[in-house]
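Below is one structure; the comments refer to it alone.
Since every read-out is calculated from the coordinates, none of them should be taken as a lab result. The structure presented is a predicted model; accordingly, all values stated were derived computationally and were not measured. Glycine also receives a Cβ, built like all others from the backbone with ideal geometry; neighbour counts cover every protein chain displayed.
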Amino acid sequence: MNTPVDPTYTWNGAELDLDAYLARIGYTGERTPTLETLRGLIYAHTTSMPFENLEIIFGRGIPLDVETLQDKMIRRRRGGYCYENVGLFAAALERLGFEFTALSGRVTMGATALRPATHALLRVSPADDDRDWLADVGFGSGPLGPVELTPDRGEFALGAWRYRLERGIGALDSELWTLHQFGPEGWISRHTFTMNPQYRIDFAVGNHFVSTSPRSPFTARPFVQRFHPDAHHVIDGTTWTTVRPDGAAETRELEPAELPKVLEEVFDIELDAADAAILTRADWASTR
């Protein structure tokens, strides 16, 4: 792996309360920079941390410094979207001695026009393995483990969930990877990415767009996900969808007043009274 040789390439892992983070995600395995550890960390993180954009809906910003991330996601047991999940995960990997590079992806799932590259990813090289692996802990629907970055990876399963990785040619004959996943509509492209290394400042720029732009899908309505080995729960506005690994899906329309209770019981997000009131008094269905 070509990790940038630059003293500014840091993810501030020294600021992370590693014990608290590992307790939050329920990880009790070895603390060594190995492939087995990476697998365990990704599984624990993706099945413990909700994906959510609620701070934007509540009119607050999305800081990416480690102290704010661990206060929100560890101490207050909230979730976050890709930049928050990946920022926290990167700090943990750095503390554990992993070699990795941050990447940016372009979300294609649900896109009707070209979107900016605002999805955060990590390319990880474990100390006991000569291969590079994709850690995609911030998308909200897995994968449950690392994905080997090999051109002929093709279709694979992590747990019961199915994915497909392809390497092709993008603009200006550049290398372009595409990750697909299997769902209710069959196989769909979820995002593309390149191997161009990203710094924390690059993620800060993307985070600003995603959290403030009217063109961002996350500034108009609640979008929350909870991923399990056997179910993927999504709230989009007031629509609650549950998808199973075989593609079966169930959908229910919620009243705004139901949102805080469903978020607590299904998505493991407990809001205070003031934030809950914001969700219950808006007609989120009309903002989709």
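As an exercise, find the ratio Rg/Rh for the range 81-212 from alpha-carbon atoms, using the Kirkwood inverse-distance average for Rh.
0.94
Please report, largest first and rounded to whole Å, the three semi-axes of the ellipsoid equivalent to the range 143-213, where each semi-axis is the square root of five times an eigenvalue of the C-alpha gyration tensor.
24, 17, 13
Quick one: which residues, 5 or more positions from A120 or on another chain, have an amide H under 5 Å from its amide H? H modelled 1.01 Å from N in the peptide plane, none for Pro or chain starts.
The list, which skips near neighbours in sequence, is Y83, G105.
Could you work out the helix-only [θ] at 222 nm for the chain, with each DSSP H run of four or more residues adding -39,500 (n - 2.57) and the total divided by the number of residues, to the nearest 500 deg cm²/dmol?
After summing the helix terms and dividing by the residues of the chain, the value is -7000 deg cm²/dmol.
With only Lys, Arg, Asp and Glu charged, each at its Cβ (+1 for the first two, -1 for the last two), find how big the charge dipole of the chain is about the Cα centre; round to the nearest 20 debye.
That gives the chain a dipole magnitude of about 560 debye.
Just to be sure I follow the definition: excluding the sites themselves, where is the longest run in the chain that has none of the GluC sites (Glu not before Pro) in a DSSP loop with at most 12 other Cβ atoms within 10 Å?
31-184
Gap in Å between the Cα centre of the range 64-88 and the Cα centre of the range 102-168?
A separation of 21 Å, based on Cα centres.
Enumerate the calculated ³J(HN,Hα) couplings along the range 115-125 in order (Karplus 6.51 cos²θ - 1.76 cosθ + 1.60, θ = phi - 60°), each rounded to whole Hz, writing x wherever the residue is Gly or Pro.
9, x, 7, 10, 10, 8, 9, 10, 9, 10, 10
Just to be sure I understand the curve: with the Debye formula and one point per C-alpha of the chain, what is log10 I(q)/I(0) at q = 0.11, 0.14, 0.16, 0.17 Å⁻¹?
So the normalised log intensities are -0.61, -1.04, -1.41, -1.61.
Lys/Arg Cβ at +1, Asp/Glu Cβ at -1, dipole of the range 1-155 taken about the Cα centre: which of A92, V124, G79 is farthest positive-ward?
My answer, from the dipole projection, is G79.
Calculate, in nm to one decimal, what D202 and A113 gain on full extension: separation in residues at 0.36 nm each, minus their alpha carbon distance.
Separation in residues times 0.36 nm, less the Cα-Cα distance, equals 29.8 nm.
For A14, what is the net charge nearby, where nearby means another residue's Cβ is under 10 Å from its Cβ and Lys, Arg count +1, Asp, Glu -1?
-1
Take the alpha carbon atoms of the range 172-208, find their center, do the same for the range 44-61, and report the distance between the two centers in whole angstrom.
So the two Cα centres are separated by 20 Å.
For the range 1-148, just the Cα atoms, rotate onto the principal axes and tell me the three extents in Å, largest first.
Principal extents (Cα only, largest first): 42, 35, 31 Å.
Give the span of the range 1-68's Cα atoms along each principal axis, as three whole-Å numbers ordered largest to smallest.
The Cα atoms of the range 1-68 stretch 40, 32, 21 Å along their principal axes.
Membrane-span-like helices in the chain: DSSP H runs reaching 30 Å or more (Cα, own axis), mean Kyte hydropathy at least -0.5?
Within the chain not a single helix satisfies the rule.
So which trypsin sites (Lys or Arg not before Pro) in the range 181-260 end up in coil per DSSP with only 13 or fewer other C-beta atoms within 10 Å?
Passing sites in the range 181-260 are R215.
Please check which bits of the range 42-63 a label hung off R77 would reach, taking the label as a point 7 Å along Cα-to-C-beta and the cut-off as backbone N under 15 Å.
48-50
Using amide H atoms built in the peptide plane, which far-off residues or other-chain residues are under 5 Å from R162 H to H?
F182
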